[in-house]
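Right, one structure below, let's go through it.
Every number here is computed from the coordinates shown, using simple stated rules; none is lab data. These numbers come from a predicted model, not from an experiment. Positions of Cβ are backbone-derived with ideal geometry, glycine not excepted, and every protein chain shown enters the neighbour counts.
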Amino acid sequence: MFRKRFYYFIKVQYLGYRLHGWQKQPDVKTVEGLITKTLRWVMPDAKYKILGTSRTDAMVSAEESAFELFLDHEPLEDLEEFLKIFNKNLPQDIRALAIEEVDDKFNIIQHSKTKEYAYLFSIGDKFHPFCAPFMANFQEDLDIEKMKEAAKLFQGTHNFRNYCVRVSEKSTFEREMVKSELVVNTVYKANFFPERSYIFHIHAAGFLRHQVRLMMGSLVQVGRGELSLQDIKDSLKPDCPEHQMDFIAPASGLILRKMEFN
């Protein structure tokens, strides 16, 4: 029997500090798991499934992420009312931003155009404990100016085989970084934040597993003097296995800031 299916594109944001990433897993709280649980409460008789656009790691947050809702049989009658009820029942650290109906030609994976990540961190004295969900703290004096130079080296098209873990050899390692810069943080503010903090901005169509955190880790190693600018340049060449990066920066500083779709 033919079943009518309806398609919805839903933008969400979440604080990832207590969550084990996006993907649903047994016995732990994840973004996908909590969203699915909430939908089951809001639409107890509906048959549906969801598909997320980005599988963030444990403790990684998102200012703007999205998922597609596939709903069988009956459409949502009032999208604004649904959004209101959905938000009322979601946990406090997850919020739905917007919803729109799409057609069966829309593919949330294939139509993703650009992902913008920000890595927020401070250096020096240990920060206020309230900062922990939002930024990483490196309790040392890092050479920020040298780190800024290193961040610029990532911009453009390079081979990022040395900046990923547990991926298939069939993966596409050549990626274009549309933007890569390290700047003083003027975006996120709180009265308990340190007087000065920094953001590593990185924009691209897609990223390999742990890529941004490994890139950030390499910047920290540059700041410590453990890696040189030439080491970063060499690590981006196609055949340099000896330059595999192994310092993964803490997850709590990473934020998926924005996603653009075709």
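Taking amide H as placed 1.01 Å from N in the peptide plane, the amide H of A66 sits under 5 Å from that of V12, T53, S54, each at least 5 places away or on another chain.
Report the calculated FRET efficiency for D104 and A205 (r = Cβ-Cβ distance, R0 = 35 Å), to the nearest 0.05.
Numbers: r = 23 Å, r/R0 = 0.67.
That gives a FRET efficiency of 0.90.
Backbone amide hydrogens, once placed in the peptide plane, bring K24 within less than 5 Å of E32, G33, excluding anything fewer than 5 places away on its chain. By the rule of a C-alpha distance below 30 Å, with chain neighbours fewer than 8 residues away ignored, the lysines paired with K146 are K115, K126, K179, K189, K233, K237, K258.
Look at the dipole of the chain built from charges on Cβ: of M43, H210, I255, the Cα furthest out on the positive end belongs to M43. For the chain, with a Gaussian network of springs between Cα atoms less than 10 Å apart, report the residue from V187, V212, V12 with the top mean-square fluctuation. Among V187, V212, V12, the largest GNM mean-square fluctuation belongs to V187. This structure gives log10 I(q)/I(0) by the Debye sum over Cα atoms at q = 0.08, 0.12, 0.14 Å⁻¹, computed directly, and of [x] -0.31, -0.69, -0.91; [y] -0.49, -0.78, -0.97; [z] -0.36, -0.77, -0.99 that value is listed as [z]. Charging the Cβ of each Asp and Glu at -1 and of each Lys and Arg at +1, and nothing else, the dipole of region 134-208 about its Cα centre rounds to 300 debye.
Note on the chain: with a GNM built from Cα contacts shorter than 10 Å, the maximum mean-square fluctuation among I232, I85, I248 falls on I85. Along region 37-43 the Karplus relation, 6.51 cos²θ - 1.76 cosθ + 1.60 evaluated at θ = phi - 60°, assigns HN-Hα couplings of 4, 5, 4, 5, 6, 6, 10 Hz to successive residues, with x for each Gly and Pro. In order along region 145-158, phi translates into HN-Hα couplings of 5, 5, 5, 4, 5, 5, 4, 5, 5, 6, 5, x, 9, 9 Hz, rounded to whole numbers, per the Karplus curve 6.51 cos²θ - 1.76 cosθ + 1.60 with θ = phi - 60° and x for Gly and Pro. Could you list the residues of region 206-228 with an amide nitrogen less than 19 Å from a label point located 7 Å from the Cα of E169 in the Cα-to-C-beta direction? Counting backbone N atoms under 19 Å from the label point, the list is 209. Report note on the peptides 199-210, 96-107, 60-71: ranked by the mean count of other C-beta atoms within 10 Å, highest first, their order is 60-71, 199-210, 96-107. Note on the chain: with a GNM built from Cα contacts shorter than 10 Å, the maximum mean-square fluctuation among C240, C164, C131 falls on C240.
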